[in-house]
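A.B. asks: Can you read through this structure? Questions will come right after.
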Amino acid sequence: MGVKIKQLFFLSPITHHLSPITAFMKESFLDGHVRVVMGDITRQDVDAIVNAANSTLLGGAGVDGAIHRAGGARILEECREIQRTRLPDGLPTGEAVITSGGLLAARNVIHTVGPIYGQHRGHEAELLANCYQNSLRLADSLKLTSIAFPSISTGAYSYPRAEAAAVASRAIADFLKEETSITEVRLVFFQTDDLKVFYKNHKFDDLEQVKVDASS
Ligand code: AR6
């Protein structure tokens, strides 16, 4: 009698494709406080989505363009007002401000400016971490519970995706160590390849391990 070898395939909950690579990817980290998904940031139904903006706050391409297109004129009006009244020199890299969500499903948009890779004299990682932590801090100060991030700086601002994954995951995990109103941090990737690079390079598992070790 011949031996039958079965090829196993899995329906990935992330990509919704039959894929042996993505089948074993974890979808959530840090006791379910962080979720990693494929999708469009403009379609996330959360308290706040984060915009990878530029310092003028007046819109641009990529995530920024998509958010302003989908969210309508109100977001831009609020950005103009913030710029006029509080930030005449623009929003500094790593800082964050908030507007309403306009026509989006998300109730608010937090605008942050990522570092342009290679233009901050070695402070790029610190500035990228600031983007995540200042956005989270702002959401927490308003008692928001859910927030969705795109992969800040990894498009037009050329931050290498592998390095960005390590920086973003460390920054988020550090923030979530403290008491916060935020119960879900959703990381939204637009392309399968970006998601794979993130899975290979994030530090959530190391940080979970540290937590387990510390409590044992
Ligand atoms: N949903 C989720 N992720 C997206 C979407 C989307 N709809 N669209 C693009 N991405 P970028 P940056 C991914 O360039 O590098 C703007 O002009 C994209 O694939 O939007 O911080 C601003 O005005 C990439 O992985 O942001 C600034 O001038 C990631 O989002 C500048 O670009 C970030 O790409 C900011 O550049």
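The values are calculated or read from the model by the stated rules, or taken from the named source; none is laboratory data. The model shown is predicted, which means the values in this text are computed figures rather than measured ones. FYI the Cβ positions are ideal-geometry reconstructions off the backbone, even for glycines, and counts take in every protein chain you see.
A.B. asks: What number goes with the only condition from (1) in a helix (DSSP H, G or I); (2) at pLDDT 95 or above; (3) among the acidic types (Asp, Glu) that ASP205 does not pass?
C.D. replies: (2)
A.B. asks: Turning to a different aspect of this structure: When only residues in region 46-55 that are more than 6 Å from the ligand (Cβ to nearest atom) and buried (at least 16 other Cβ atoms within 10 Å of the Cβ) count, which is farthest from ILE182 (Cα to Cα)?
C.D. replies: Here the answer is ASN51.
A.B. asks: For region 32-45, how many residues meet the condition of being near the ligand (Cβ under 6 Å from one of its atoms) and part of a loop (DSSP other than H, G, I, E, B)? Full working, then the answer.
C.D. replies: Here is the first cut: in region 32-45, the residues near the ligand (Cβ under 6 Å from one of its atoms) are 40-42.
Still in the list and also part of a loop (DSSP other than H, G, I, E, B): 40.
Number satisfying all stated conditions: 1.
Matching residues to (1) under 22 Å from GLN119 (Cα atoms); (2) in contact (Cβ under 8 Å) with a residue 60 or more places away in the chain:
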{"position": "ARG137", "(1), (2)": "no, no"}
{"position": "SER146", "(1), (2)": "no, yes"}
{"position": "THR154", "(1), (2)": "yes, no"}
{"position": "PRO160", "(1), (2)": "yes, no"}
{"position": "GLU163", "(1), (2)": "yes, no"}
{"position": "GLU179", "(1), (2)": "no, no"}
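A.B. asks: Let me ask you something else. Scanning for something among the charged types (D, E, K, R) and touching a helix residue (DSSP H, G or I) at 6+ places or on another chain (Cβ under 8 Å), does region 89-109 turn up at least one residue?
C.D. replies: The answer is yes, given that some residue of region 89-109 is among the charged types (D, E, K, R) and touching a helix residue (DSSP H, G or I) at 6+ places or on another chain (Cβ under 8 Å).
A.B. asks: Still on this structure, please answer the following. Restricting to region 7-31, what's the tally of residues that are farther than 21 Å from SER181 by Cα and either assigned to a loop (DSSP other than H, G, I, E, B) or at pLDDT 95 or above (or both)?
C.D. replies: Within region 7-31, residues that are farther than 21 Å from SER181 by Cα and either assigned to a loop (DSSP other than H, G, I, E, B) or at pLDDT 95 or above (or both) number 16.
A.B. asks: Is it the case that region 158-170 has a residue that's surrounded by fewer than 22 Cβ atoms within 10 Å (Cβ to Cβ), in a loop (DSSP other than H, G, I, E, B) and of a type outside the set (Ser, Thr, Tyr)?
C.D. replies: Yes.
A.B. asks: Scan SER146, SER141 and give me the residue that is away from the ligand (no atom under 15 Å from the Cβ), out of contact with any Leu (no Cβ under 7 Å at 6 or more places or on another chain) and closer than 14 Å to ARG35 by Cβ.
C.D. replies: Residue meeting the stated conditions: SER146.
A.B. asks: Confirm whether TYR132 is at pLDDT 95 or above, surrounded by fewer than 18 Cβ atoms within 10 Å (Cβ to Cβ) and of a type in the set (Phe, Trp, Tyr).
C.D. replies: no
A.B. asks: How many residues are of a type in the set (Phe, Trp, Tyr) and touching a Phe, Trp or Tyr at 6+ places or on another chain (Cβ under 6 Å) when one looks only at region 111-154?
C.D. replies: Number satisfying all stated conditions: 1.
For (1) modelled with pLDDT under 95; (2) surrounded by 15 or more Cβ atoms within 10 Å (Cβ to Cβ); (3) part of a loop (DSSP other than H, G, I, E, B); (4) within 14 Å of the ligand (Cβ to nearest atom), each residue gets a yes or a no:
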residue: GLY65; (1), (2), (3), (4): no, no, no, yes
residue: LEU87; (1), (2), (3), (4): no, yes, yes, no
residue: THR99; (1), (2), (3), (4): no, yes, no, no
residue: GLN119; (1), (2), (3), (4): no, no, yes, yes
residue: GLU126; (1), (2), (3), (4): no, no, no, no
residue: PHE175; (1), (2), (3), (4): no, yes, no, no
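A.B. asks: Enumerate the pairs (first residue in region 34-54 and at positive phi; second residue anywhere and within 13 Å of the ligand (Cβ to nearest atom) and of a type outside the set (Val, Ile, Thr)) with beta-carbon separation below 8 Å, excluding pairs fewer than 6 apart on the same chain, so at least 6 apart or on different chains.
C.D. replies: From region 34-54, the pairs are GLY39/PHE189; GLY39/PHE190.
A.B. asks: So for region 149-164 (the condition being of a type in the set (Ser, Thr, Tyr) and on the phi > 0 side of the Ramachandran plot), does at least one residue qualify? Step through it out loud before you land on a result.
C.D. replies: Taking region 149-164 and keeping what is of a type in the set (Ser, Thr, Tyr), we get 151, 153-154, 157-159.
From what's left, on the phi > 0 side of the Ramachandran plot: 153, 158.
Yes, the conditions are met somewhere in region 149-164.
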